[in-house]
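Q: Take this structure first; my questions come after.
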Amino acid sequence: MSTEVSLVVFEGGLVSSELETQMQMVRQGIVLDLITKAQQAGCFGQIVVVTSYPQLYAELVQLRVEAVLDQKGGSKPFHFGQQLLDIVQRYQLEKVLYMGGAAAPLISSCELQYLSEILEQNEGILLANNYYSADIVGFTPGQALNRITLPPIDNTLALALSNEAGLRWVPIQRSLGLNFDVDTPTDILIMSVHPDLGPYTKEAVGKLSWDRARFESIKDLLGNPTGELIIFGRVGSSLFQYLDGHTRCRLRLFSEERGMKALGRDERGEVRSLMGRLVEELGYEEFFAFLSQLAQGAVLDTRVLFEHFHWKLSPTERFASDLGELSLITHPQLLEFTKGALQAPIPILLGGHSLVAGGLWALIDAGRA
């Protein structure tokens, strides 16, 4: 039986605005840096990248990587699990390390080698950076995909491989490189203040003119022994332990709706938030004013709130809210919500799950560095 480990990376999606184009270019830089690190690690028998972006495809070819250009357009909807199975079968992959394109912008070659070695030395196992919502998943054998209901998104792959294929889950070390990913402009801004950016990513980030002031303020607050910070959203216990041990400010933590996407609660309209109810009772302006009475800064996983409100938002509008780009928001309630956050007496960061996971970790690490 082959012990060769293969790296499979997926990066693609529809791009329908200038803001999304800017994000896509940064994500492209992350993928190119990831491939460079993987080649330096020297531990992968094959590296396969599936992308829907012609420019990224051309760059990968220059790096001598096996690249697959997926441009089905609207003829056939993208299905993650089916595409991954197709790749595993096409290249006859036995031991697979799957990564989303922007899953680990700060990962090191040593961490890639570490994951590869676990897969190389074991059979019938599963690795995941987040068991309930993973974007880095290692598994062997590759044909275990035939024993599961193929998931439409990567978040639930680890759960399916464990529950349906019976693979043994092997916990992996918790590190910033394995737990910080880029989903939103907020994540890019956090990443931009970290010293360990790869050269391709650094070049792409350098072309952006986004305001970093709020991020610098929160980074400083994390090291202020007289300060207090509110953290809201899908916060795991392991992150809180890290924050408690590595920050100097006091923390007010409100954790809700962990596994919201992996469990399909958002799709079924089942998301309920205590913080969301408070927003509804107070109104947007009063809510943010109230937060300023409790702390000197706040970090909010707004996707939980948006699902609680049953707002149907485009990616561009969610990203515009994160950045405070009011001119790009057409949803009237989102516009008022974002105005309230920007006009609050304290710095408030808006973003998704990664903000209250690896994002805070990255800010702390950047401050210490």
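Q: Taking springs between alpha-carbon atoms closer than 10 angstrom, which of L323, L313, L305 fluctuates most in the Gaussian network model of the chain?
A: The residue that fluctuates most here is L313.
Q: Percent of Cα-Cα pairs more than 15 Å apart in region 66-143, please. Present the calculation step by step, with values, prior to reporting the outcome.
A: Values: 1902 of 3003 pairs.
Counting pairs separated by more than 15 Å, the tail of P(r) holds 63 percent.
Q: Using a simple charge model, +1 on the beta-carbon of Lys and Arg, -1 on the beta-carbon of Asp and Glu, nothing else, what dipole does region 153-219 show about its Cα centre, in debye to the nearest 20?
A: On the way: 7 positive and 9 negative charges, 43 e Å.
Roughly 200 debye for region 153-219.
Q: Another one. Mean separation of Cα pairs under 8 Å and 6+ residues apart, divided by the residue count of region 300-369: what relative contact order is that in percent? Could you put the intermediate results ahead of the total?
A: Details: 47 pairs, mean separation 29.6, N = 70.
That works out to 42 percent.
Q: Roughly speaking, to the nearest percent, how much of region 1-148's 1.4 Å accessible area is carbon and sulfur? If you can, show how the numbers build up before the last one.
A: Numbers: 2880 of 6090 Å².
Carbon and sulfur atoms account for 47 percent of the accessible area of region 1-148.
Q: Here's another thing I want to ask about it. Report, in deg cm²/dmol and to the nearest 500, the calculated mean residue ellipticity at 222 nm for the chain, where each DSSP H run with n ≥ 4 adds -39500 (n - 2.57) and the sum is divided by the residue count.
A: Details: 16 runs with 162 residues, N = 369.
Calculated from helices alone, the mean residue ellipticity at 222 nm is -13000 deg cm²/dmol.
Q: Report the one residue of I348, T302, S255 whose Cα lies farthest in the direction of the positive end of the charge dipole of region 248-369 (charges on C-beta: Lys and Arg +1, Asp and Glu -1; origin at the Cα centre).
A: Of the options given, the answer is S255.
Q: Quick check: the angle from helix 18-41's long axis to the longest principal axis of the chain, C-alpha only, nearest 10 degrees?
A: So the helix axis and the longest Cα principal axis differ by about 50 degrees.
Q: At a threshold of 8 angstrom on Cα-Cα distance, excluding pairs fewer than six apart, so keeping six or more, what relative contact order does region 197-255 reach in percent? The partial results should precede the final answer.
A: Details: 48 pairs, mean separation 21.1, N = 59.
With pairs under 8 Å counted, the relative contact order is 36 percent.
Q: Name all residues of region 9-33 having a backbone nitrogen under 16 Å from the label point set 7 Å from the Cα of I153 along its Cα→Cβ direction, giving them as ranges.
A: So the set is 11-14.
Q: Mind putting a number on the dipole of the chain about its Cα centre? Charges go on the C-beta only, +1 for Lys and Arg and -1 for Asp and Glu, and I need it in Debye to the nearest 20.
A: Using only the charged Cβ atoms, the result is roughly 260 debye.
Q: Helix 237-246 versus the longest principal axis of the chain: what angle, 0 to 90°, nearest 10, using Cα atoms?
A: That helix lies at roughly 70 degrees to the long axis.
Q: Amide H neighbours of V50 under 5 Å, at least 5 residues apart or on other chains, H built in the peptide plane: list them.
A: The answer is V9, F10, E11, V68.
Q: What ³J(HN,Hα) values, in whole Hz, does the Karplus curve 6.51 cos²θ - 1.76 cosθ + 1.60 give for region 317-322 when θ = phi - 60°, with x put for Gly and Pro?
A: 5, 4, 5, 4, 5, 4
Q: What is the helix-to-structure angle for 358-368, meaning the angle in degrees between its Cα long axis and the longest Cα principal axis of the chain, kept from 0 to 90 and rounded to the nearest 10?
A: Once rounded, the angle reads 80 degrees.
Q: Follow-up question, since we're still on this one. Return one whole number: the accessible area per residue of the chain in Å², for a 1.4 Å probe. Mind showing how you got there, number by number?
A: On the way: 15800 Å² over 369 residues.
On a per-residue basis, the chain sits at 43 Å².
Q: Which value, in debye to the nearest 20, describes the size of the charge dipole of region 234-279 about its Cα centre when Lys and Arg Cβ atoms bear +1, Asp and Glu Cβ atoms bear -1, and nothing else is charged? Before the final figure, lay out each step's value.
A: Details: 10 positive and 6 negative charges, 32 e Å.
Taking the Cα centre of region 234-279 as origin, the dipole is about 160 debye.
Q: Quote the accessible area belonging to K207 in square angstrom, nearest 10, computed with a 1.4 Å probe and with ligands, DNA and RNA left uncounted.
A: Roughly 150 Å² of K207 is accessible to a 1.4 Å probe.
Q: What is the set of long-range amide H partners of L251 at a cut-off below 5 Å, with H atoms built 1.01 Å from backbone N?
A: L229
Q: Let me ask something additional. Return the Rg/Rh value of the chain, two decimal places, where both radii are evaluated on C-alpha atoms and Rh is the Kirkwood radius. Could you put the intermediate results ahead of the total?
A: Working: Rg = 20.3 Å, Rh = 21.2 Å.
When Rh is taken as the Kirkwood radius, the ratio is 0.96.
Q: Along each of the three principal axes of the Cα atoms of region 1-67, give the extent in whole Å, ordering the values from largest to smallest.
A: 47, 21, 16
Q: Before anything else, pin down the relative contact order of the chain: Cα pairs under 8 Å, at least 6 apart, normalised by residue count, whole percent.
A: On the way: 653 pairs, mean separation 63.7, N = 369.
17 percent.
Q: Let me ask something else about it. Counting other C-beta atoms within 10 Å, and keeping those with at most 10, which DSSP coil GluC sites (Glu not before Pro) do you find in region 282-356?
A: Details: sites: E285, E286, E307, E317, E325, E336; in loops: E325.
Of the GluC sites (Glu not before Pro), not one in the loops of region 282-356 has a Cβ with at most 10 other Cβ atoms within 10 Å.
Q: Still on this structure, please answer the following. Quick check: at a probe of 1.4 Å, how many percent of the accessible area of region 207-278 sits on carbon and sulfur atoms?
A: Values: 1780 of 3940 Å².
Exposed carbon and sulfur together represent 45 percent of the surface.
Q: Using the Kirkwood radius over Cα pairs, work out the Stokes-Einstein diffusion coefficient for region 245-296 at 25 °C and 0.890 mPa s, in µm²/s as a whole number. Provide the component values of the computation, followed by the final result.
A: Numbers: Rh = 13.3 Å.
Rounded, D is 184 µm²/s.
Q: Restricting the count to DSSP beta bridges whose residues both fall in the chain, what percent are antiparallel, rounded to a multiple of 5? Could the numbers behind the result be given before it?
A: Values: 8 of 40 bridges.
Bridges in the chain that DSSP calls antiparallel: roughly 20 percent.
Q: Could you check the spin-label model distance between D244 and S16? Points 7 Å from the Cα along Cα→Cβ, value in nm.
A: Result for the modelled spin labels: 4.3 nm.
Q: Let me ask another. On average over all directions, what projected area in square nanometres does region 90-227 have, based on the convex hull of its Cα atoms? Let's see the in-between values first.
A: Working: hull surface 42.5 nm².
Here the figure is 10.6 nm², rounded to one decimal.
Q: Return the single residue from A58, A41, A289 with maximal mean-square fluctuation; model: Gaussian network over the chain, springs between Cα atoms under 10 Å.
A: Of A58, A41, A289, the most mobile in the Gaussian network model is A58.
The values are calculated or read from the model by the stated rules, or taken from the named source; none is laboratory data. Just so it is clear, the model here is predicted, and its values are computed rather than measured. Note: ideal-geometry Cβ built from the backbone for every residue, glycine included; neighbour counts use all protein chains shown. Calculation scope for accessible area: heavy atoms of the full protein, side chains included, ligands and nucleic acids excluded. Shrake-Rupley method; radii C 1.70, N 1.55, O 1.52, S 1.80 Å.
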